[in-house]
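Below is one structure, written out as structure tokens; comments come after it.
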Ligand code: NAP
């Protein structure tokens, strides 16, 4: 039986875009289905005020085309979302990607057909499309979740989840604005909205450690330097633990004097980007005593930046150490709380009781608002899969198979779901995301090229290979402080039933280790998989 397409890719974000390009090179007939009206995925949806990279722009873009690298000028060291979306539109134009993409097309289901060993994909409009392979490019942070607060739908003013931000500008001038959530998104939003809002009230459940981004424009001289050093930039990303330009200092925290430690942390705090997180001493994210040193250093910084000592204490996390959750990068975030128009409400102390037609009621007070912003995060890693009805061999349901936590092979294949390939699925190395995307896409492309070359049409993960991979994922997650803390890193989201408890949700080893494992699995004719 012939199929409509060789492969269907779900999602036109960075993964889907690059995968389309690579499959075209193999001569495959491909269709990308995308729920949004344009390319860009994360950077298409997240239009909230203040959204920008936390990784250096020039380490984040696609690396696969020398021409593309040379013809694009990033204007800031950490690109703002509108520029990133322009970049991705430029990539789509430059490589003529849109002709194989269908927008405003949300995939509702993907079912494997045992008899024909292929997939049938149904869109939200009911149309069906068949393909030999389905490749998910649906992102680890794309199933946005609203808070499960009573009365949420009764609010009569404007309200937005940051992910579903409107395409039109939102005017905050003179408005009474609430933000719920203080993760990386909330912090970027708060520091921007505080500039113009009449009043801004921040509802914080758990404070997060945050550190300065130190963004600035890229000068002409720097631009020339960046263009000349792209090979070095990407080589560096390939070598580091998380594919960032920064990586851990090889020294142990207690191998240096207290003065040297202080000077080291001070230096990192004053430098741009993630150095203050992933460039710490090598044991600071694994040894609680070493971690306490950096946590105390950052706590002192917060106290020095916030005028009211009581507010400063509320902003200092007490239930997790620095860097054990994703560190939000900020620009004068803590100083926002020195502004007369900004109020911090600690909803651990005075929980939200309900949302009403006029605002938010806590156990302590009622607040009236014109706008409520939900920066309440995502059903991460598996949520975007759960939202599609994905069925494999014999009709087995992926969501059910993963109800106790995802089980994968390299985060790219799932036992019982032949010819389903995942880009940035659970248990892939994340870190600097586009670097991980390019690796995953190249790996999948090599597999499909091998299959074409050998006239193979069916690939399935071997159960024993999945078991071995999962043992590796679990073992490598041991001892990491971040795996002992509730966050999206550990798959916890209390707004979603069944996601209340921690799992080892992501690959916690280094990206070079991840790649080495994937190469090992590919070596010798892909013996970890059944190929027919
Ligand atoms: P998040 O880190 O999961 O933060 C969600 C926030 O909402 C938390 O403060 C959480 O509080 C709060 N919250 C959730 N449900 C709530 C409820 N029912 N009541 C009150 N508060 C509630 O999500 P995020 O900030 O969107 O960030 C997710 C990830 O996206 C980041 O870690 C990062 O990887 C990525 N991101 C990247 C960038 C960038 O690269 N520039 C920018 C933004 C985001 P609790 O902590 O108490 O649960």
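For the Cα atoms of the chain, what angle does the longest principal axis make with the long axis of helix 463-477, in degrees from 0 to 90, nearest 10?
Helix 463-477 sits roughly 20 degrees off the main axis of the chain.
What ranking do 237, 243, 518 get, fewest neighbouring Cβ atoms within 10 angstrom at the top?
Least to most surrounded, the residues fall as 518, 237, 243.
Using only the alpha-carbon atoms, how far is helix 14-25 inclined from the longest principal axis of the chain? Give it as 0 to 90 degrees, nearest 10.
Here the helix axis deviates by roughly 20 degrees.
Under 8 Å for C-alpha pairs, at least 6 residues apart: give me the relative contact order for the chain, rounded to a whole percent. Each step should come with its number before you reach the end.
Numbers: 1058 pairs, mean separation 103.9, N = 532.
About 20 percent, as a whole number.
What order do you get for 153, 386 when you list them from fewest to most C-beta neighbours inside 10 Å? Walk me through the numbers before you get to the answer.
Numbers: 153 8, 386 17.
Sorted ascending by nearby Cβ count, the order is 153, 386.
Once you place label points 7 Å from the Cα toward the Cβ at residue 239 and residue 195, how far apart are they in nm?
Distance between the two pseudo-spin positions: 3.7 nm.
At a 10 Å Cβ-Cβ cut-off, how would you order 149, 433, fewest neighbours first?
Values: 149 19, 433 22.
Fewest to most other Cβ atoms nearby, the residues stand as 149, 433.
What's the FRET efficiency of residue 146 with residue 255 using the Cβ-Cβ distance as r and R₀ = 41 Å, to the nearest 0.05?
Working: r = 47 Å, r/R0 = 1.14.
Taking R0 as 41 Å, the efficiency between residue 146 and residue 255 is 0.30.
Let me know the Rg and Dmax you get for region 126-239 when you use only its Cα atoms, in Å.
In Å, with Rg to one decimal and Dmax whole: 20.6, 55.
Once each part is reduced to its C-alpha centroid, what is the distance from region 455-491 to region 59-129 in angstrom?
Cα centres, region 455-491 to region 59-129: 26 Å.
Just the Kirkwood number for region 425-531, please: inverse of mean 1/r across all distinct Cα pairs, in Å, one decimal.
After inverting the pairwise mean of 1/r, the radius is 15.4 Å.
For region 318-437, which semi-axes, largest first and in whole Å, follow from the square roots of 5 times the eigenvalues of its Cα gyration tensor?
Values: eigenvalues 313, 86, 33 Å².
Each semi-axis is the square root of five times an eigenvalue, giving 40, 21, 13 Å.
Looking only at Cα atoms, what is the convex hull volume of the chain per residue, in Å³?
Taking only Cα atoms, the chain has a hull volume of 152 Å³ per residue.
Calculate, in whole percent, how much of the Cα-Cα pair population of region 117-168 lies beyond 15 Å.
For region 117-168, the share of Cα pairs beyond 15 Å comes to 70 percent.
Pull out the extension gain between residue 229 and residue 471, defined as 0.36 nm times the separation in residues minus the alpha carbon to alpha carbon distance; nm, one decimal.
Result for the pair: 83.2 nm of gain on full extension.
So if I take the centroid of the Cα atoms in region 192-226 and the same for region 333-368, what is the distance between those two points in Å?
22
May I ask for the angle, rounded to the nearest 10°, between helix 230-239 and the longest principal axis of the chain, with both axes built from Cα atoms and the value confined to 0 to 90°?
90
Bear in mind these aren't lab numbers, they're just calculated from the coordinates by the rules spelled out. Because the structure is predicted, anything quoted here is derived from the model rather than measured. FYI the Cβ positions are ideal-geometry reconstructions off the backbone, even for glycines, and counts take in every protein chain you see.
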